Every structure is written in C-alpha cells, then in structure tokens.
Amino acid sequence: MMGGPGLASPTMTETARRGEAVLTPRGNPAMRQAFARARSELDGFLKSARNPGSDEQGFAVKIPVRQGGHTEYFWITPFRENRNRFEGTVSNRPTYVRNVKHGQTVVFNRSDIVDWMYLKGSAMYGNYTTCALMAGRPAAEAAEFKSRYGLHC
C-alpha cells in the first residue's frame, strides 16, 4: 500500500494485522540474507515442527508464488511434510498474483521454502523476512513490532 502526499505509510504492525503484502526491490540484499539464514536453519525448524514442545505452536513456512512478472510470498499454515514435498494452506490474501487464494491448499517443494516461523511461549522465532523488512523502518516502529509479536531478530 502506498501513501499519497501528506499520508503516512502504514506501520509494520498495521500491515501485519491486515495481512498485506510489502513491496521490496528485486534482489534486495537484506532479503536475500534472510532467505539464506532461513534455509540454513530449515532442518532444525522442520525437526521442531515434526515433534513440537508443549509450548511450541504456530508453525508456518513462507513460499513464493509467481504469476507473469510478479512474485508474491505467502505464509503457509498449517502445512504437512512428506519427504521433500509439502502441502498446506495459504494464510494471507493475494495482492499481486491471482493464481492462489486465501485458504487454498497448495503443494510445494522443500526448495521453495524461503522463511519459516513458530511461537515458543510468547516469543516468535524465525520470520527472518520480517526482520529484513524492519531494517528500513524507524527504530521505534521496529521495537514496537518486535515487542508486540515477541520477534527475535
């Protein structure tokens, strides 16, 4: 969502609450680093998702969906794993692509996963793409988001 002259852009908290997409430039170095970190820790996340602790919940993965020249990323929760194939439910509403819908079941490969997250108690782990997005936001806004969602970057 873009703000016009004199209009403030929505905060990360507002954007997250509404489930809206956030535009980032193609090849954004912070986002590429977030993808790399999530992929490097994916084995540990999947191990936890298969056998969660009593205080662990909300396991989700993020995948890209492409249509034409657009790529939009979606959180998939719940999801099921069958070797390197996965199936799960699109949990946000599309903004730029129209080949998926909120609530639709999608099938994807392990290699499609670019991020993941889960809650342990009130703390959120993973969600490295949001951490990358916060790097360009005002410090107070980032602190408020981290506090509200218990996000550890």
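The values are calculated or read from the model by the stated rules, or taken from the named source; none is laboratory data. As the structure is a computational prediction, the values presented were derived from the model and not from experiment. Cβ: placed from backbone, ideal geometry, glycine included. Neighbour counts: every protein chain shown. Remember, those area values only see protein heavy atoms, side chains included, never the ligands or the DNA or RNA. Shrake-Rupley method; radii C 1.70, N 1.55, O 1.52, S 1.80 Å.
Points worth noting:
- The range 47-153, accessible surface, carbon-and-sulfur percent (1.4 angstrom probe): 47 percent
- Shape of the range 23-153, Cα gyration tensor, a/c cut at 1.5: oblate
- Note, ³J(HN,Hα) from phi for the range 34-44, Karplus 6.51, -1.76, 1.60, rounded to Hz, x at Gly and Pro: 4, 4, 5, 5, 4, 5, 5, 9, 4, 4, x
- Sites Arg50 and Asn99, calculated FRET efficiency, Cβ-Cβ separation with R0 22 Å, nearest 0.05: 0.15
- Summing charges over neighbours of Arg39, with a neighbour being any other residue whose Cβ is under 14 Å away from its Cβ, gives 0 when K and R count +1 and D and E count -1.
- The range 42-145, accessible area per residue, ligands and nucleic acids excluded (1.4 Å, Å²): 53 Å²
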